[in-house]
Amino acid sequence: MNKKRISVKDITIAALLTALALSIPMVMPFKIKLEPIFSATFASHVPGILSMFVGPFAVIGTAVGSALGFFTTLGPWVALRAFSHLFFGLVGYKMIEKKWNIFAVILLTGLLHAAAEMVVGVISILVSGIPAGGVFKTLVVTIGCGTLIHHCIDFAISLVIFYALKSARLLSTSVNFKSFKG
């Protein structure tokens, strides 16, 4: 079994990203809320996306932190959507580790992100007893497209922060902008 050692620096970065993921839902004033179906909090995906450049332990920590933060502010359905970021985060980590083109990473993780949030949306609609009229439009347009757009915006913000952290020698991961290796 191949065991990879985790550095103290990476643990510290993961802890800071988890703290940000926990606090952003609590303090961010810019939120769009269409309960119980959809909400969007500015930059809420940034810690989770940055965690993909650190390691799977960071992805897990930020997903849990984000879920706890959203649970305290917007309730269980939004918290479950936040926890679903675990899936796209782990896939994104593996893609970055294997040097996939960053635009392919953004697109694939965005689609996984939107799909996972749509699944939680379906569950919340069924449990909440919301009338079925317009559910498909709500799921695809509001949750699916809204999440994909939000994901891409937050990924762009994350790349700016990633390069600042890389310049400060806090992150050593490289990003593939050139080849479409995958």
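Mind checking the alpha-carbon convex hull of the chain and giving the volume per residue in Å³?
Convex hull of Cα atoms, per residue: 121 Å³.
Given K9/K99; K94/K178; K9/K31; K4/K94; K31/K98, which pairs have Cα atoms separated by over 26 Å?
K9/K31; K31/K98
Would you mind checking which residues have amide H under 5 Å from N176's amide H? H placed 1.01 Å from N; only 5 or more apart, or other chain.
Result for N176 returns I102.
Can you compute the modelled spin-label distance between V141 and V119, with each label point 7 Å from Cα toward Cβ, in nm?
Each label point is offset 7 Å from its Cα along the Cβ direction, giving 2.6 nm.
For I60 and V27, what is the calculated FRET efficiency with R₀ set at 25 Å and r taken between the beta-carbons, to the nearest 0.05?
My answer for the efficiency is 0.65.
For the chain, return all DSSP H helices satisfying: extent of Cα atoms along own axis at least 20 Å; mean Kyte-Doolittle hydropathy at least -0.5.
Long hydrophobic helices here: 8-27, 56-74, 102-128, 146-167.
Only the coordinates and a few stated rules stand behind these numbers; no lab work does. Everything quoted here is computed from the prediction, not taken from an experiment. Here Cβ is always computed from backbone atoms with ideal geometry, including for glycine, and neighbour counts include all displayed protein chains.
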